[in-house]
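Written below as structure tokens is the structure these notes are about.
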Amino acid sequence: MAEATKGPVVVDIVHDGEDHTEYSTHHAVKAFSKCSLHTSPFANQKAAAAATKIYSTQLDGLQSSIRQYVLEKADICRPDNIHICDGSETENASLIEKLQKDGMITPLKKYDNCWLARTDPKDVARVESKTFISTPDKRDTIPIVADGVSGKLGNWIAPDVLEQELGSRFPGCMTGRTMYVIPFSMGPIGSPLSKIGIQLTDSPYVVASMRVMTRMGKEVLDTLGEGEFVKCLHSVGQPMPLKEPLTNNWPCNPERTIVSHIPDRREICSFGSGYGGNSLLGKKCFALRIASRIAKDEGWLAEHMLILGLTNPQGEKKYIAAAFPSACGKTNLAMLNPTIPGWKAECVGDDIAWMKFDSEGRLRAINPEAGFFGVAPGTSNSTNPNAMATIESNTIFTNVAETSDGRFYWEGLEKETPDNVSIKTWLNEENWTKDTKTSDGKKVLAAHANSRFCAPASQCPVMDPAWEDPAGVPIDAIIFGGRRPEGVPLVYEAFNWNHGVFIGASMKSESTAAAEHKAKVMMNDPFAMRPFFGYNFGHYLDHWLHFNDRPNLHLPKVFHVNWFRKNTAGQFMWPGFGENTRVLDWIFRRCAGEDIAQESAIGLVPKPNSINLEGLQEKVDMQELFHLPREFWEKEITDIRSYFKTQVPQDLPAEIEAQLSLLEERVKTQL
Ligand code: OXD
Ligand code: MN
């Protein structure tokens, strides 16, 4: 690890361009004690305050709390320059130029302002095992589990241990680099549902991506005034001069990666990874982990949900929020093209929903993001034409493959890519074909399974007119879903709110390439939040349940869907994609109060022939699709019970336990 240069940071304005301001830092001779930098720099507010007192006037444009934060962290990280981002086109152009010069991105010439980044192959996904939440009391972060049980609902780290971990990484980590200060708003600027963050990062790739994914720049600072903000510190962990050459010109430090959250201080510190949710701190770290904790404190919900507006042929509109684990086609559903004539679907968001009951008791949702950080493989004109239209310009691609005529390429685009081009893989291997194999005979992928596009939401042809409404959109239905090849029907409805919370708590799905998991295994993923809970899952369930006791709330109906059931031959039984409108139509009509559901052991299921199948090209065996095998459900109940018992032994609300017993009773008597 690089030694920090000693002495407090002095900030001089060296350049004040038309559109942005750049500062350079140098280090004064008077030294801090070595101890203050190395043992507990994050706790040493006094030393930082001293630096602030002496030098803060030189970051004049910033409000004092931000200035203090910047100085404190600059004092530890020792960047050569500090750049306050204004979010302008000019600034972005100079960042893109720098990224090109540094060999971090190349243009995809077939499109307008589209770029391809290839990462170090060691930095390709979220690292859940290195993601921590720190609170003085462990039980505030994760449920206590028995000795010998490995907890699967987040990682806790003691505050003093975290201080040491951060103290052994951040000092001097930005030497030779620029610290960018990114003011950003999660949610429309100024909305009462929005929150502001300040991210400090030494990665220009992160700045360019945050500009797409959030509302970023000067307007945010103006709106914030002296208000509160979430503190987000990020470093790729590669100070200059480099000790070893980079791979793909992508600075990162995988051996030392840590993604940490201090919810009591509304603070995030992430080190060592430049990619995705590890480094674009507005997304999973802020909008889910920190926000879910803020939401609990303030009485609202921050959820891993898409938001979709649906208009029926009569012109009536409803909004749904839907939670799916990664790799269940959330982005496809968020942008779906309905196949039933007369229906319209419009996108508000594809990944995260912040939801709050308004004064009339209606649940209102905003999408805190401004862009899509979507999984590329599988996206095509047949699966998601709206995403394809969105990513034709102003998009940053990461770890996709490239054609010789300057297009992007990934698995799923076989039919849409001309035959006469050659393909270079995400690993820079030329002349890839679908038959390319490794020396030990394994199929080589052209694009990494977690390769991404990062594109502005405003470019999506089906954005909802209200997607930036500061008041949010009213939510009528909450949908849970997962990849369930067996036993789980196409759709069912919860009997009531508490049953709905139980359904969310017992969600499962096949694992994803978005994180470091290797095999396709069935994983419990309650509320699709398993990697994103900002506090103890048991307390999270209490929070959801308490809405049932609040008077005058119009609680949305809750549903569970499964597009992924397979028949005995291993084929999907439901065509999915646009045809999912048929299920949404049923959900819509249920929300409108239609009598089209009947009781089953697991919830309310569609009455025979109540799902509109008119015009469906494929033959679907609805009987089989809704069959509830007794053995499967008995085993499911045993598994859920054992999951709760091992993972949430002390904090599971009694009501969830009661819901499980009710399910067990119904399965016993009705199946
Ligand atoms: C994602 C995820 O959205 O992993 O990237 O959920
Ligand atoms: Mn997600």
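The values are calculated or read from the model by the stated rules, or taken from the named source; none is laboratory data. Predicted model, so just to flag it, every value in this text is computed and none were measured. As a convention, Cβ positions derive from the backbone with ideal geometry for all residues, glycine included, and neighbour counts pool all protein chains shown. Just so you know, the surface numbers come from the protein's heavy atoms only, side chains and all, with ligands and any DNA or RNA stripped out. Shrake-Rupley method; radii C 1.70, N 1.55, O 1.52, S 1.80 Å.
Which numbered condition in (1) free of Cβ contacts under 8 Å to residues at least 24 places away in the same chain; (2) touching a Cys at 6+ places or on another chain (Cβ under 7 Å); (3) among the polar types (S, T, N, Q) is the only one that Ser273 fails?
(1)
When Pro377 is evaluated against the numbered criteria (1) surrounded by 18 or more Cβ atoms within 10 Å (Cβ to Cβ); (2) outside any loop (DSSP other than H, G, I, E, B), which criterion, by number, is the only one it fails?
With (1) surrounded by 18 or more Cβ atoms within 10 Å (Cβ to Cβ); (2) outside any loop (DSSP other than H, G, I, E, B) applied to Pro377, the lone miss is (2).
What tally of residues in the range 139-153 results from selecting those that are farther than 14 Å from Ile262 by Cβ and surrounded by 15 or more Cβ atoms within 10 Å (Cβ to Cβ)?
Step one: of the range 139-153, the residues farther than 14 Å from Ile262 by Cβ are 139, 142-153.
Retained after the next criterion (residues that are surrounded by 15 or more Cβ atoms within 10 Å (Cβ to Cβ)): 139, 142-145, 151-153.
The qualifying residues number 8.
If you take the residues of the range 268-319 that are within 13 Å of ligand 1 (Cβ to nearest atom), under 30 Å from Met104 (Cα atoms) and hydrophobic (A, V, I, L, M, F, W, C), which of them is surrounded by the fewest Cβ atoms within 10 Å (Cβ to Cβ)?
Of everything passing the filter in the range 268-319, Leu288 is surrounded by the fewest Cβ atoms within 10 Å (Cβ to Cβ).
So which of Ser129, Ser191 ends up being within 16 Å of ligand 1 (Cβ to nearest atom) and out of contact with any helix residue (DSSP H, G or I) (no Cβ under 9 Å at 6 or more places or on another chain)? Working first, answer last.
Working: Ser191 fails: within 16 Å of ligand 1 (Cβ to nearest atom).
Sole residue among the options that is within 16 Å of ligand 1 (Cβ to nearest atom) and out of contact with any helix residue (DSSP H, G or I) (no Cβ under 9 Å at 6 or more places or on another chain): Ser129.
This table checks each residue for (1) of a type in the set (Val, Ile, Thr); (2) at pLDDT below 95; (3) under 24 Å from Pro556 (Cα atoms); (4) open to solvent by less than 40 Å² (accessible area, probe 1.4 Å).
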site: Met335; (1), (2), (3), (4): no, no, yes, yes
site: Val348; (1), (2), (3), (4): yes, no, yes, yes
site: Ile352; (1), (2), (3), (4): yes, no, yes, yes
site: Leu363; (1), (2), (3), (4): no, no, yes, yes
site: Ile366; (1), (2), (3), (4): yes, no, yes, yes
site: Ala370; (1), (2), (3), (4): no, no, no, yes
site: Ala389; (1), (2), (3), (4): no, no, no, no
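So, in the range 588-599, exactly how many residues are within 23 Å of Ile475 (Cβ to Cβ) and either surrounded by fewer than 21 Cβ atoms within 10 Å (Cβ to Cβ) or touching a His at 6+ places or on another chain (Cβ under 8 Å) (or both)?
Going through the range 588-599 one residue at a time, the tally reaches 8.
Yes or no: the range 256-267 includes at least one residue that is surrounded by fewer than 20 Cβ atoms within 10 Å (Cβ to Cβ), under 18 Å from the mean Cα position of the chain (by Cα) and farther than 27 Å from Trp467 by Cβ.
So far as the range 256-267 goes, yes, one or more of its residues are surrounded by fewer than 20 Cβ atoms within 10 Å (Cβ to Cβ), under 18 Å from the mean Cα position of the chain (by Cα) and farther than 27 Å from Trp467 by Cβ.
A quick yes/no check of all residues on (1) over 14 Å from Tyr275 (Cβ atoms); (2) free of Cβ contacts under 8 Å to residues at least 60 places away in the same chain:
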position: Met216; (1), (2): yes, no
position: Leu221; (1), (2): yes, no
position: Glu226; (1), (2): yes, no
position: Glu244; (1), (2): yes, yes
position: Cys252; (1), (2): no, no
position: Glu255; (1), (2): yes, yes
position: Val259; (1), (2): no, no
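Filter the range 569-585 down to residues that are in contact (Cβ under 8 Å) with a residue 60 or more places away in the chain and among the polar types (S, T, N, Q) and give me whichever is surrounded by the most Cβ atoms within 10 Å (Cβ to Cβ).
It comes out as Asn580.
Of everything in the range 224-254, what is charged (D, E, K, R) and under 23 Å from the mean Cα position of the chain (by Cα)? Give them in sequence order. Full working, then the answer.
Of the residues in the range 224-254, the ones charged (D, E, K, R) are 226, 228, 231, 243-244.
Hits for the range 224-254 are Glu228, Lys231.
So which strands (runs of 3 or more DSSP E) are wholly in the range 394-463 and hold at least 2 residues that are in contact with a Phe, Trp or Tyr (Cβ under 8 Å, 6 or more places away or on another chain) and within 16 Å of ligand 1 (Cβ to nearest atom)?
On the way: elements: 396-398, 401-403, 452-456.
The strands (runs of 3 or more DSSP E) meeting that bar are 396-398, 452-456.
State which residue is farthest from ligand 2 (Cβ to nearest atom) when the search covers only the range 533-574 and only residues that are touching a Lys or Arg at 6+ places or on another chain (Cβ under 8 Å) and of a type in the set (S, T, N, Q).
Asn536
Just checking, does the range 485-507 include any residue being part of a strand (DSSP E or B) and within 15 Å of ligand 1 (Cβ to nearest atom)?
We begin by selecting, within the range 485-507, every residue part of a strand (DSSP E or B); these are 491-493.
Remaining after also requiring within 15 Å of ligand 1 (Cβ to nearest atom): none.
No - not one qualifying residue is present in the range 485-507.
Given the structure, is Leu193 at pLDDT 95 or above, closer than 30 Å to Asp358 by Cα, assigned to a loop (DSSP other than H, G, I, E, B) and among the hydrophobic types (A, V, I, L, M, F, W, C)?
Numbers: at pLDDT 95 or above: yes; closer than 30 Å to Asp358 by Cα: yes; assigned to a loop (DSSP other than H, G, I, E, B): yes; among the hydrophobic types (A, V, I, L, M, F, W, C): yes.
Answer is yes for this residue.
Anything in the range 125-134 that is surrounded by fewer than 22 Cβ atoms within 10 Å (Cβ to Cβ) and away from ligand 2 (no atom under 16 Å from the Cβ)? List them, or say none.
Residues satisfying the conditions are Ser129, Lys130, Phe132.
Which one is farthest from ligand 2 (Cβ to nearest atom), of the residues in the range 518-532 that are open to solvent by 10 Å² or more (accessible area, probe 1.4 Å) and within 19 Å of the chain's Cα centre (by Cα)?
Asn524
Determine whether Gly342 is open to solvent by 30 Å² or more (accessible area, probe 1.4 Å) and away from ligand 2 (no atom under 13 Å from the Cβ). First the steps, then the outcome.
Values: open to solvent by 30 Å² or more (accessible area, probe 1.4 Å): yes; away from ligand 2 (no atom under 13 Å from the Cβ): yes.
Taking the combined requirement at face value, the residue satisfies it.
Condition first: farther than 19 Å from Ala302 by Cβ, of a type in the set (D, E, K, R) and surrounded by fewer than 18 Cβ atoms within 10 Å (Cβ to Cβ). Can you find one or more residues in the range 187-204 that meet it?
No, the range 187-204 contains no residue that is farther than 19 Å from Ala302 by Cβ, of a type in the set (D, E, K, R) and surrounded by fewer than 18 Cβ atoms within 10 Å (Cβ to Cβ).
Could you check how many residues of the range 317-339 are of a type outside the set (Gly, Ala, Ser) and either within 16 Å of ligand 2 (Cβ to nearest atom) or under 12 Å from Phe564 (Cβ atoms) (or both)?
Narrowing the range 317-339 to residues of a type outside the set (Gly, Ala, Ser): 317-320, 324-325, 328, 330-333, 335-339.
Keeping just the survivors that are either within 16 Å of ligand 2 (Cβ to nearest atom) or under 12 Å from Phe564 (Cβ atoms) (or both) gives 324-325, 328, 330-333, 335.
Adding up the residues that qualify gives 8.
So, in the range 433-457, exactly how many residues are among the small types (Gly, Ala, Ser), under 30 Å from Cys347 (Cβ atoms) and either away from ligand 2 (no atom under 16 Å from the Cβ) or in contact with a Pro (Cβ under 8 Å, 6 or more places away or on another chain) (or both)? Steps first, please.
Initially, the range 433-457 is screened for residues among the small types (Gly, Ala, Ser), giving 439, 441, 446-447, 449, 451, 455, 457.
Next cut, under 30 Å from Cys347 (Cβ atoms) only: 446-447, 449, 451, 455, 457.
If we keep only those that are either away from ligand 2 (no atom under 16 Å from the Cβ) or in contact with a Pro (Cβ under 8 Å, 6 or more places away or on another chain) (or both) too, we end up with 446-447, 449, 451.
So the count comes out to 4.
Yes or no: the range 297-304 includes at least one residue that is in a helix (DSSP H, G or I) and out of contact with any Asp or Glu (no Cβ under 9 Å at 6 or more places or on another chain).
Going through the range 297-304, the residues in a helix (DSSP H, G or I) turn out to be 297-298.
Retained after the next criterion (residues that are out of contact with any Asp or Glu (no Cβ under 9 Å at 6 or more places or on another chain)): 297-298.
Yes, some residue in the range 297-304 is in a helix (DSSP H, G or I) and out of contact with any Asp or Glu (no Cβ under 9 Å at 6 or more places or on another chain).
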